[in-house]
1. Using heavy-atom solvent-accessible surface (probe 1.4 Å) with all chains present, what is the largest-first order of Cys736, Cys584?
2. From a point 7 Å beyond the Cα of Lys723 in the direction of its Cβ, which residues of region 655-676 have a backbone N at a distance under 17 Å?
3. For the chain, what does the relative contact order come out to in percent, with C-alpha contacts under 8 Å and a separation of six or more?
4. Expected output is a single nm value to one decimal: the length gained when fully extending between Ala82 and Ala417, i.e. 0.36 nm times separation in residues minus the C-alpha distance. What is it?
5. Tell me, in nm to one decimal, what length is gained between Ser382 and Ile485 on full extension, where the rule is 0.36 nm per residue of separation less the Cα-Cα distance?
6. Mind grabbing the accessible area of Thr240 for me, 1.4 Å probe, Å², rounded to tens?
7. So how much slack lies between Arg288 and Asp94, counting 0.36 nm per residue of separation and subtracting their Cα-Cα distance, in nm?
8. Provide Rg and Dmax in Å for region 701-768, with only Cα atoms included in the calculation.
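The values are calculated or read from the model by the stated rules, or taken from the named source; none is laboratory data. Nothing here was measured: the structure is a model prediction, and the numbers come from that model. Positions of Cβ are backbone-derived with ideal geometry, glycine not excepted, and every protein chain shown enters the neighbour counts. Note: accessible area is taken over every heavy atom of the protein model, side chains too, but ligands, DNA and RNA are not part of it. Shrake-Rupley method; radii C 1.70, N 1.55, O 1.52, S 1.80 Å.
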Amino acid sequence: MTVSVATLGFPRIGLRRELKFALESYWAGKSSRADLDNAAAGLRLAHWARQKALGADILPSNDFSLYDHVLDTSALIGAIPARYGWDGDRVDIDTYFAMARGAPGDGDRTGCGHAHDRTAQEMTKWFDTNYHYMVPELTAGQRFRIASTKIFDEFEEAKALGYATRPVLLGPVSYLMLAKGKAVEPLALLPALLDIYGEILARLAKAGAEWVQIDEPCLVLDLTSEQRNAFERAYARLATSGPKLMLTTYFGGLGDNLGLVAGLPVHGLHLDLVRAPEQLEPVLEKLRPHVLLSLGVIDGRNIWRANLPALYWRLKEHAAKRDLILAPSCSLLHVPADLALETGLDPEIAQWLAFAAQKIEELAALAMALNEGEDASFSAFSASRIAAVARQTSTRIHNPDVAARLATLGESDTSRASPFAERRKLQQRRLRLPAYPTTTIGSFPQTAEVRKARAAHRRGEMDDAAYAQYLRVETRAAVKWQEEIGLDVLVHGEFERNDMVQYFGEQLSGFAFTRAGWVQSYGSRCVRPPILYGDVSRPAPMTVDWWRYAQDQTDKPVKAMLTGPVTILNWSFVRDDQPRAVSCRQIALAIRDEVQDLEAAGAAIIQIDEAALREGLPLRRSEWQAYLDWAVESFRLTSSGVRDDAQIHTHMCYSEFNDIIRAIGAMDADVISIETARSQMELLDAFASYSYPNEVGPGVYDIHSPRIPATDEMMQLLSLAGKHVPAEQIWVNPDCGLKTRKWEEVRPALVAMVAAAHAMRVKGAYDARR
Ligand code: GLN
Ligand code: ZN
């Protein structure tokens with residue numbers, strides 16, 4: 001029996017984000033198509049060579065993408081919406097990028113430069129990751145045809161370099177389940193799509209592909225009977241001819257879909273044994289014996305080093321009975337490429353980590369031990385064991401004070417002293433705000449100068465004093481300007497913050513930061529998630545000085561601005577040695593300390609952003625409530641330590657929250673601001689069946705677009721909101737922070753927004769008199 005090693009996908013962006021720079025230079029017209037192609041081919045070559053050298057036996061192809069693998073699939077099958085005006089044989093690169101990023105349409109006669117009819121496809125989160133995919137758009141009578149040769153070209157390219165790869169192809173059912181249909185239920189298009197998939201597979205077989213990795217991550221979701229049928233139909237059709245199919249599932253266990261999957265006539269099955277380790281035995285029991293199993297035993301979603309001896313003992317018996325493939329749980333797309341680049345990390349912490357390259361080495365060591373005996377991987381195993389013990393016992397991780405504090409928490413720590421109705425009276429007396437109070441979400445434009453100053457400070461070219469002085473000038477100007485245009489509740493502008501999570505992580509104990517730990521978020525955009533490795537505490541106040549400085553410039557209230565515990569957790573690599581709920585509660589305590597210091601300093605309004613609350617929802621419905629319970633509790637732990645007359649705000653930037661509206665109500669923030677402008681207040685439908693008890697600021701200015709909204713347009717949105725929420729409960733604010741916008745856009749938009757609030761007040765007074 002043999003054990004081999006496979007990877008399901010390697011980070012595309014390059015060790016030094018080469019792809020990002022190549023793309024952005026091409027988009028800016030500074031380099032040619034050939035330059036871009038060369039850079040991309042260079043990366044593919046490097047990635048194959050690297051994976052091979054690290055010990056992978058089975059290498060993927062077509063895991064690379066210039067933008068996104070779902071978009072690649074749309075191009076492959078010719079699902080190009082009509083507005084891109086494409087009628088060629090092959091999708092050209094400019095159409096491809098137009099689908100990704102939008103492009104001026106032919107109708108752009110106004111010359112304003114932004115998209116009119118070639119707007120980008122929608123983008124949304126890839127399952128529960130922070131990666132975004134381009135949502136396929138399908139229409140009734142949709143035709144499919146092979147319109148991109150990328151998957152074949154990359155297979156040939158690898159072959160020419162001496163690598164016989166296993167092409168990666170997003171499966172037809174998951175593709176349709178991720179798509180949105182216009183006047184068509186996407187799954188209804190399955191028969192037509194299967195014709196094309198049949199062609200694609202036949203062509204890959206002809207090119208010499210023995211296996212194809214066909215990704216069906218939707219098999220870990222709750223499925224309707226129609227969706228189950230689709231899987232049955234699809235694989236009955238696809239698995240019978242062409243290359244062997246490695247049906248690849250990840251991001252969870254098969255759960256109640258196990259019977260379905262076991263019945264599919266595929267040749268191989270990949271399981272995520274990190275998220276669902278317990279599924280191995282039940283799968284083995286059900287699976288036909290000749291099906292080749294690929295076990296995702298190394299965490300593709302997190303950065304911790306594995307415990308190799310423990311895995312060895314877990315797998316030994318199975319490896320003696322059947323051939324196995326060992327693999328990361330999912331594509332390595334979701335972790336940084338190489339720990340070796342992290343020269344600045346504390347060596348004690350670095351010892352506990354494994355990035356993409358290290359994870360392949362772990363798999364290779366594990367496979368070697370299973371094939372040749374434990375001694376064959378003696379040194380890798382000892383190092384792994386030592387790191388595991390060091391991590392379990394490190395004083396850097398365990399802080400008894402944090403545990404003791406958590407143990408003493410009671411119900412009174414997670415609820416405000418009085419119910420909202422009473423708090424509200426006290427807050428009104430203290431704040432004396434008009435009807436339709438106006439505010440913003442926190443950040444003002446992070447201009448090139450602001451970023452330049454930060455970079456200069458980081459490099460040591462600008463000293464602390466000069467940098468602080470620069471930030472004070474910016475902050476003061478922003479405060480003065482807000483005062484001038486007549487906003488009611490001001491903000492300091494967040495000029496000192498690099499990122500809403502990183503800024504806090506850097507000041508909390510228990511977090512580490514990488515130098516080059518980039519992970520693709522979408523297209524050329526990458527993030528460097530903080531690493532939450534230990535018990536969290538807050539050594540010193542983090543935001544009080546900036547709040548105080550801003551408040552000193554004005555008599556209007558300045559809202560203090562914090563990131564909430566759930567968002568910090570969801571946007572970090574988190575500990576795998578304790579439940580997420582516990583990590584979240586620890587962060588909540590630290591932010592609670594900050595809230596209380598802000599209150600003591602005199603802040604009457606404190607906003608705690610929970611931008612990422614919704615995206616932490618588990619993939620299976622049955623697990624939602626447990627998550628929402630601890631998430632809401634953590635928020636309340638953060639916000640409940642203040643007096644009744646302190647007003648707590650929260651902000652969320654997504655519009656689909658109808659299904660979690662009760663949990664949002666249970667957070668009991670005095671005011672919530674939410675994204676709505678793009679959906680024309682659609683989300684407020686949630687308030688039809690559930691009357692949201694507290695105050696709401698439905699965003700009236702879509703900050704994702706450079707468009708400057710007109711006053712009457714914003715009034716209309718406010719009137720619409722008034723249909724669902726009593727006028728006394730409505731705040732007036734943009735959808736989200738303004739950091740990505742330019743001052744030239746922000747200034748007129750906010751002036752118009754203030755005018756809209758004024759007009760609503762007058763209208764309200766007039767309507768009341770009638
Ligand atoms: N306060 C943050 C800002 O204004 C909120 C950002 C967000 O919701 N993503 O930038
Ligand atoms: Zn937001």
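1. Numbers: Cys736 30, Cys584 0 Å².
Reading off the accessible areas and sorting them downward yields Cys736, Cys584.
2. 676
3. Details: 1446 pairs, mean separation 86.9, N = 770.
Rounded, it is 11 percent for the chain.
4. Working: separation 335, 0.36 × 335 = 120.60 nm, distance 5.71 nm.
Extending this stretch completely gives an extra 114.9 nm.
5. On the way: separation 103, 0.36 × 103 = 37.08 nm, distance 6.52 nm.
Length gained between Ser382 and Ile485: 30.6 nm.
6. 110
7. Details: separation 194, 0.36 × 194 = 69.84 nm, distance 4.61 nm.
This chain segment gains 65.2 nm when fully extended.
8. Over region 701-768's Cα set, Rg and Dmax evaluate to 12.5, 39 Å.
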